[in-house]
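Following: one structure in C-alpha cells, then a few remarks.
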Amino acid sequence: MLEIVQMFAERGYQLTPEALEILSKKDTGSIDHLISSLDASTVVVSAEHVLSLLDGEGGKAAKNVRTEYQMVKEISATSCAPEQTGSGVEVEVLREITGRSTCLGNYSDFVKYFRDRYAKIHDLLSRRMSSRPIESLGAQTAGREVSVIGMIMDIRNTSRARVVELEDPTGMVTVLFARESPAYEDSMLLVTDEVVGITGTSDGKGRIFAKSIVWPDLEAQPQPLTAASGGALFLSDLHVGSRKFMRETWNRFVSWISGEDPTGLSSNVGCIVIAGDIVDGIGVYPGQEDELEIKDIYEQYQLAADLISEIPSGIKIVISPGNHDIVRQAEPQPALPKEIQSLFSSNVIFVGNPSWITISSRPVLIYHGRSIDDFVLKVPGLSYREPELAMVEMLRRRHLCPIYGNRVSVAPEVEDHYVIDRPPAILHCGHVHVVGITRYKGVTLINSGTWQGQTEFQKKMNIQPTPGIVPHVDLSTMKVRKLRFT
Ligand code: D5M
Ligand code: FE
Ligand code: ZN
C-alpha cells in the first residue's frame, strides 16, 4: 500500500483512501500506466479518476492529447441487446441564440466580446491557480516566479524558443518557451485568442520565461447521480439534395427506428439530435452545382422534412443548423427560419448553433463543429480522421471555437456564447463527416458522421467520410454504441 502511495507522491499526486483501495488490487505495471495517463492538472486522485482511467485501459494514446478513452464497441444494428425499454424522454432547451443576437459588428462589439471571453475563462482558471495582473510585473519581480492569466495575441518561433504575446486587461507580456524547457512541448498546443494561465520566471522587464501552462480544462466529472432513462441518437450532416445523399441507408435507418429491430433497442429511443447540415444548400463550395440532385434549397428542405417525418412521431427531434443550412454563416447561427420550420412535423424542435439542451435531464451541448477545421490546421496531432480529439481540445480550453478569424467567422456578440462554462454530459458535433466517439473527464464526446458519400470536393481534400453510422447513447448508463446502417 505504502509503495503505491509513494509511486503517486513521486509524481506529485495525492491519493484518496478509496482510490488506494481500488489500486491495491492492481499490479505495478498497470498502476504505472495509470499514473502516466493522469492529467497534469490533477492534484488529488480520487476513486472516480481511477475508475474512469481503468475503464479506458486498452484505449489508444493520442500524440499530444491526454485523454481518457472508453473503447466503444462497433456493432451491427441487429446484434445488440437492449438495456431497457421505454422512451418518452424529456427534452428541454436551456440556452441558444435565436432572436437574441446583439451583434452589429462595430469595433466596440469586438472589445466587449473579447472582454467577456477573458472574464469568463479567467473565472474558470482562477479556481485552479492564483495569478497577478500583468501590469504588476515591474522591476521588483525580476528573478521571481510569477503567474498570470492572459489571452494569446501572437505566437511565433525563433531558433531557440516559442515566443507568445500574452495580454490581460492591464497590459501585455512576452512569454518565452525555451526549446529545452519542459513546457515547450505543451506550448505546441497553444492557439491564438485562447485564454490560459502561465507560470514562469519574470525578468522584470516585460518577459516571462515559462515553466508551465494551465488550461481552464474540466475537473474529472463523477457519473451524475440524477436518474435518467431512455436512449438518444446523434446525427448530423444529412446533406439532403446532394447526389451523394444515401437514401437507401436512410431507409434502413427508418425501418430500424420504426421497429424492424429484433433487439428492441430502437424502442427506448426518445430523442434524436441532428447537429447541422440538414441540406446540401447551394453555392457552398466551388463546383457544388454538379453534385446537386436538387438545385432549389426550399425543395431540399421539403425532402429533408419528408425524410424526417418517416421517423415515428413519438420521438422528439432536435435540429440545429450548420454551414450548409439557410441561416447566416457567421456563428452563432440562429435556428432555421420559420418558413422552413413549417415544413417539418410538430415533434421537431429547432435550436441555434451552438445550443444547450437537456435530454432526460442530461445536459447536451450541440455545436456543428466548424472550428474543428481550425483546430486540425493549428494543433499538431489532430486530424480529420479523429474529430473527437479536436473536441477534447474544446473542453480543455472550455471554448468551442477559440481561434478567432480563421475559417470560422464568429460574430462578436456582447457575450461569448462559445465558453463552456459548465461540463455537459454530452458534447455533440458533426461537420467532419467522420464518426468519432470518446470520453474525456466524464464527458461523452460524439462526432456523428454523415449521410453523404464522398463528394468530388472531399476526394480532392482527401476527406474519407464514414457515412450511415449512428451513435446511440443509453441515457441511464451513458454507454455509447455505434449502429451501422450501411
Ligand atoms: O464539411 C465536410 C468536410 O469537408 C469537413 O471535414 C470539413 C471539410 N471542408 C469543408 N470546407 C473545406 C475547405 N474549404 N477546405 C478544406 N476542407 C473543408 P461540410 O461543411 O459538410 O462541407
Ligand atoms: Fe457537412
Ligand atoms: Zn459542415
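The values are calculated or read from the model by the stated rules, or taken from the named source; none is laboratory data. No experiment lies behind these values; they were computed from the predicted model shown. So basically every Cβ, Gly included, is an ideal-geometry build from the backbone, and we count neighbours across all protein chains shown. To get the accessible areas, we keep the full protein, side chains included, count just its heavy atoms, and leave off ligands, DNA and RNA. Shrake-Rupley method; radii C 1.70, N 1.55, O 1.52, S 1.80 Å.
If you count, for each residue, the other Cβ atoms within 10 Å and average over each peptide, how do 208-215, 149-156 line up from highest to lowest? Mind dumping the intermediate values first?
Working: 208-215: 19.9, 149-156: 18.2.
My ranking of the peptides, most packed first, is 208-215, 149-156.
Compute the accessible area per residue over the range 239-344, keeping the other protein chains in place, probe 1.4 Å, unit Å². Mind dumping the intermediate values first?
Numbers: 3960 Å² over 106 residues.
Each residue of the range 239-344 exposes 37 Å² on average to a 1.4 Å probe.
Taking the Cα of Arg407, stepping 7 Å toward and past its beta carbon, and measuring to each backbone N in the range 180-196: which are under 19 Å? Counting backbone N atoms under 19 Å from the label point, the list is 189-194.
Anything over 26 Å Cα to Cα? Flag those among Lys338/Lys482; Lys120/Lys441; Lys295/Lys378; Lys338/Lys460; Lys441/Lys479, in the order listed. Mind dumping the intermediate values first?
Values: Lys338/Lys482 33 Å; Lys120/Lys441 20 Å; Lys295/Lys378 35 Å; Lys338/Lys460 36 Å; Lys441/Lys479 15 Å.
Too far apart for the 26 Å limit: Lys338/Lys482; Lys295/Lys378; Lys338/Lys460.
Based on the mean of other beta carbon atoms within 10 Å per residue, what is the order of 279-291, 313-325, most packed first?
On the way: 279-291: 15.7, 313-325: 22.7.
Ranking the peptides 279-291, 313-325 by packing returns 313-325, 279-291.
Taking amide H as placed 1.01 Å from N in the peptide plane, the amide H of Val318 sits under 5 Å from that of Ile272, Val273, Ile274, Ile349, each at least 5 places away or on another chain. With all protein chains kept in place, the per residue accessible area of the range 373-486 amounts to 28 square angstrom at a probe of 1.4 angstrom. Based on the Cβ-Cβ distance of Met1 and Ala119, what FRET efficiency does E = 1/(1 + (r/R0)^6) give at R0 = 45 Å, to the nearest 0.05? Once the sixth-power term is evaluated, E becomes 0.50. In terms of its C-alpha gyration tensor, the range 186-231 comes out prolate, because a/c is 1.5 or above and the ratio a/b outweighs b/c.
Once the cut-off is 43 Å, how many percent of the Cα-Cα pairs in the chain end up in the long-distance tail?
On the way: 21304 of 117855 pairs.
For the chain, the fraction of Cα-Cα distances above 43 Å is 18 percent.
Separation of the range 397-430 and the range 156-186, taken as the distance between their Cα centroids, equals 24 angstrom. Shape class for the range 349-477, computed from the alpha carbon gyration tensor (a ≥ b ≥ c): oblate, with a/c not under 1.5 and a/b at or below b/c. In order along the range 235-243, the Karplus-derived 3J(HN,Hα) couplings, from 6.51 cos²θ - 1.76 cosθ + 1.60 at θ = phi - 60°, round to 10, 6, 6, 5, 6, 5, x, 6, 4 Hz, and Gly and Pro are given as x. With 0.36 nm allotted per residue and the present C-alpha distance subtracted, the Asn106-Asp306 stretch has 67.9 nm of extension available. Derived scalar couplings between HN and Hα for the range 201-207 equal 9, 7, 9, x, 10, x, 10 Hz in order, rounded to whole Hz, by the Karplus curve 6.51 cos²θ - 1.76 cosθ + 1.60 (θ = phi - 60°), x for Gly and Pro.
Distance from the C-alpha centroid of the range 447-483 to that of the range 96-148: 36 Å, rounded to the whole angstrom.
Placing pseudo-labels 7 Å out from each Cα toward the beta carbon at Glu248 and Gln454 gives an inter-label distance of 1.9 nm. The slack in the chain from Glu165 to Glu180, taken as 0.36 nm per residue of separation less the alpha-carbon distance, amounts to 3.4 nm. Can you give me the solvent accessible area of Glu185 with a 1.4 Å probe, rounded to the nearest 10 Å²? Estimated to the nearest 10 Å², Glu185 gives 120 Å². With all protein chains present, calculate the accessible area of Arg484 using a 1.4 Å probe and round the result to the nearest 10 Å². Spelled out: Arg484, probe radius 1.4 Å, area about 100 Å². Once the Cα-Cα distance is subtracted from the 0.36 nm per residue extended length, the Ser361 to Met129 segment shows a gain of 80.4 nm. When you filter the GluC sites (Glu not before Pro) in the range 85-184 for DSSP loop state and at most 16 other Cβ atoms inside 10 Å of their Cβ, you are left with Glu90, Glu180.
Taking all protein chains as present, what is the carbon and sulfur share of the accessible area of the range 83-239, in % to the nearest whole number, probe 1.4 Å? Intermediate results must be reported in sequence, preceding the final value.
Working: 3900 of 7640 Å².
Heavy-atom surface of the range 83-239 belonging to carbon and sulfur, 1.4 Å probe: 51 percent.
Based on the alpha-carbon gyration tensor of the range 407-486 and its eigenvalue square roots a ≥ b ≥ c, which shape applies: rounded if a/c is under 1.5, prolate if not and a/b is larger than b/c, or oblate? Could the numbers behind the result be given before it?
On the way: a/c = 2.91, a/b = 1.11, b/c = 2.62.
Oblate, since a/c reaches 1.5 and b/c is not below a/b.
What does a probe at Glu90 reach in the range 336-366, counting residues whose amide N is under 15 Å from the point 7 Å along Cα→Cβ? Only 357-364 fall inside the zone, counting backbone N under 15 Å. With a Förster radius of 30 Å applied to the C-beta separation of Lys26 and Thr226, the computed FRET efficiency comes to 0.50.
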